[in-house]
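Here is the structure we will look at.
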Amino acid sequence: MIEVIFLKYLIIVKYFYKLDKDLIPFITMKKTIFSMLTVLVSTVGFAQTQSINGRVNDEQGEHVPYAFLVDVDHKIATYSDSTGAFNMAVQPNAKILVLAGGHKDYTFVPDQQKSYNIVLQGKNETVTGGKLNTSITNNFDTFSTRAGALNTQAGNMSVTNHQDATQGSRYLYDSWVHGYVISAADSIVQNTHYLFNYDKINGGLMVNKDNNTVLQIDGSSFKSFVLFDKQVNNHAFVKVPAISPQRYVEVITDGPKYKIYKDIATKFHKADFSTNGIASTGNNYDEYIDQNFYYVVKDGGQPVKLLLKKKALKEAFAADADKLNKFMSAAGSGDIDENYLKQLGEAMNR
């Protein structure tokens, strides 16, 4: 069942999709009006899934980019890419809802078929991610009272005065990306008019409404979020206070026995170039420096820092040494990187 919930007044309106353009979800800590598309979902275990793929087109045969596909009975969702193509893991007896701006909703039930050609009625109104504008601000007042100020004064609210020579970025992506949020009520929240980015410095999730208004979402309103990069690879983020009380951490592997997380710690280093005419030190540019730290959690225990070294992996997974050795033997002598770690986590949870 799909519902829109206005949380402030606890009013539930059944099956509503096109949101009022003046409302935005999950903004503020005080008197906030919420408007959102909510797909109520149940908790997903490590059930057997099947992979499906296909393409989303309109009635004229044109591709529908960035259509949102969601299993309405489980917390599984994805987007089609810029050509309308999609890949998705679905649970048995799944029911898939397809949403795209300007098109009628479409629902289908996967069977034994692997590939699907989805045809939507309507006209494309896809929101695409432009370059990230750094003139953004945190918003913890009501959206109705702050919207005008944000639209008229955004130029005076730059978080950082970026220089042309600045290296790196405080944001996870250099452009706005598609995504969705898992609410505190364990529901998938998504709107085709909203794009996202993540602030690596203060741990804030930023939302861009129609490439016009940029706000920071109140973290108490949601438990996790999923962002999709340019290749439509999904990246899930959760709060693990034992790793970082401020930042969200990326989920590398989420299994019944082992969970592996990545903490992206970003520091700002100001230009510090100096010279006495003979020798020089420092850099003549500001720089954002990323450091990635990996952690493994076994059976719900405390996070343990995980170095990308064979010795460290053997210590972390000592309880399943046979399974680890089997994986390492099959993986060969290649580099131990994040992709290796992801595959390792999946193998150790089988």
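Annotations for the structure displayed:
- Accessible heavy-atom area order of I52, I201, I76, highest first, probe of 1.4 Å: I201, I76, I52
- Per residue accessible area of the stretch 277-350, 1.4 Å probe, in Å²: 63
- Placing dummy labels 7 Å off each Cα toward the beta-carbon, the span from K270 to Q50 is 6.0 nm.
The values are calculated or read from the model by the stated rules, or taken from the named source; none is laboratory data. Because the structure is predicted, anything quoted here is derived from the model rather than measured. Every residue, glycine as well, gets a Cβ built from its backbone with ideal geometry; the counts of neighbours run over all protein chains shown. Surface accessibility is based on the protein's heavy atoms, side chains included, excluding ligands, DNA and RNA. Shrake-Rupley method; radii C 1.70, N 1.55, O 1.52, S 1.80 Å.
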